[in-house]
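Input: a single structure, listed below in structure tokens.
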Amino acid sequence: MRKLLCIVLSLTSISAFADDLSTAINSAEQICEATRIVCSGIADEISKVANISKANTAVTAVGTVAAGGALIAGIKKSQEEQEIEKLIDKICASGGCTAAGVNAMTSNQFLTNVLQPMAQIAELEKKIEQSKKLGNWRTGLMAGTIGTNLASAIMSGININQSDLIQHISACNDMIKSVSVVEQELKRAGANPAEYPVVKKLDNIKTWCSEINTADVDKIEKRMKGVLGTSVAGTAIGIVGVGTSAAANSNKYMDVQNKMNLSATEKDKEHALNTTANIMAGANVATGAVETGLNISLIKLTKKMIESAQRCEEIF
């Protein structure tokens with residue numbers, strides 16, 4: 001009788017153990033399916049962010065090249081202006097550029113100091129025309145940077161708010177916590193990984209899917225804010241630069257007659273306008289480099305996140 005009782009108790013224990021294990025396995029399979037549903041699609045969402053960053057990188061690269069071209073044109077214009085100033089000084093050295101100076105000359109002095117230097121006017125006109133062309137290039141290229149900076153600002157603005165992605169990843173992270181709980185239940189129920197593949201699957205989910213976290217999304221938002229801020233600054237710099245460059249290239253400074261009659265104060269103002277325009281072009285090169293650097297770092301970050309999300313999805 002005692003022996004029979006022991007057998008019955010043993011069978012009852014085995015049955016209870018089997019029921020516990022069956023329940024745990026069933027729970028594990030359900031949590032795996034639920035996790036698959038919740039964690040799927042994250043890689044695609046991050047890819048959209050990455051694609052915008054890639055497009056933004058291309059746009060800012062174009063803007064940086066344009067700003068660099070504007071700076072080179074501006075530097076060459078400044079060099080050309082120095083040559084023009086020397087030539088004007090040479091032409092006007094003997095007073096032949098003012099009515100009072102001409103009236104005070106004898107016939108021989110007029111021939112020597114006015115008519116002969118006038119032969120250099122053609123060279124002066126050529127140099128002024130070249131300077132004007134360089135100024136137009138600088139202005140046009142800087143205007144181009146306004147467009148690229150605006151486009152960059154729009155694209156980075158789209159990427160700044162990643163609240164949907166954060167919610168998706170947070171939900172996936174919550175499911176992984178549930179996976180850990182179910183995995184512990186399986187271990188307590190004595191599930192053998194070799195006999196029940198779901199045990200290994202739970203471990204893989206916990207290992208790989210936990211690599212996806214909202215901290216990386218925070219980094220995306222912060223870097224996009226940096227790109228946006230730099231793009232806005234670049235736009236403002238471009239607007240100021242275009243206005244300054246256009247002013248330096250106006251007829252007041254590019255007409256031959258006006259050029260020869262500029263006062264010392266007006267010459268200083270022209271020089272200041274050209275210098276400022278060149279500084280603005282250089283500043284746009286700098287902002288473009290910062291934008292490009294931020295976008296490249298975003299591409300690297302999103303690539304890492306996509307790889308993690310894909311590894312997670314491949315488990316299912």
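What follows is calculated from the coordinates using simple rules that are stated; it is not laboratory data. Computed from a predicted structure; not experimentally measured. Note that we place each Cβ from the backbone using ideal geometry, even for glycine, and neighbour counts take in every protein chain shown.
Tabulated data for the structure shown
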item: Axial C-alpha extent at least 18 Å, average Kyte-Doolittle at least -0.5 - helices from the chain (DSSP); result: 2-39, 42-92, 121-160, 163-189, 214-248, 264-315
item: The chain - mean residue ellipticity at 222 nm from DSSP helices (-39,500 (n - 2.57) per run, n ≥ 4, rounded to 500); result: -30500 deg cm²/dmol
item: Between the range 285-316 and the range 200-273, the Cα center-to-center distance that results, in Å; result: 22 Å
item: Net length gained if the chain between Asn204 and Asp218 were fully extended (0.36 nm per residue, minus Cα distance); result: 2.5 nm
item: Residue with peak Gaussian network fluctuation, the chain [Cα springs, cutoff 10 Å], from Ser163, Ser263, Ser245; result: Ser263
item: Whether the range 196-316 is rounded, prolate or oblate, judged on the alpha carbon gyration tensor where a/c under 1.5 counts as rounded; result: prolate
item: Average projected area [Cα convex hull, the chain], square nanometres; result: 20.4 nm²
item: Sites Lys48 and Asp268 - FRET efficiency at Förster radius 41 Å, r taken between beta-carbons, to 0.05; result: 0.20
item: Cα pair distances exceeding 27 angstrom across the range 130-261, given as percent; result: 56 percent
item: Label-point separation, Asn261 to Ser297 (7 Å along Cα→Cβ), nm; result: 5.6 nm
item: Full-extension gain in nm, Glu33 to Asn192, via 0.36 nm per residue minus C-alpha separation; result: 55.2 nm
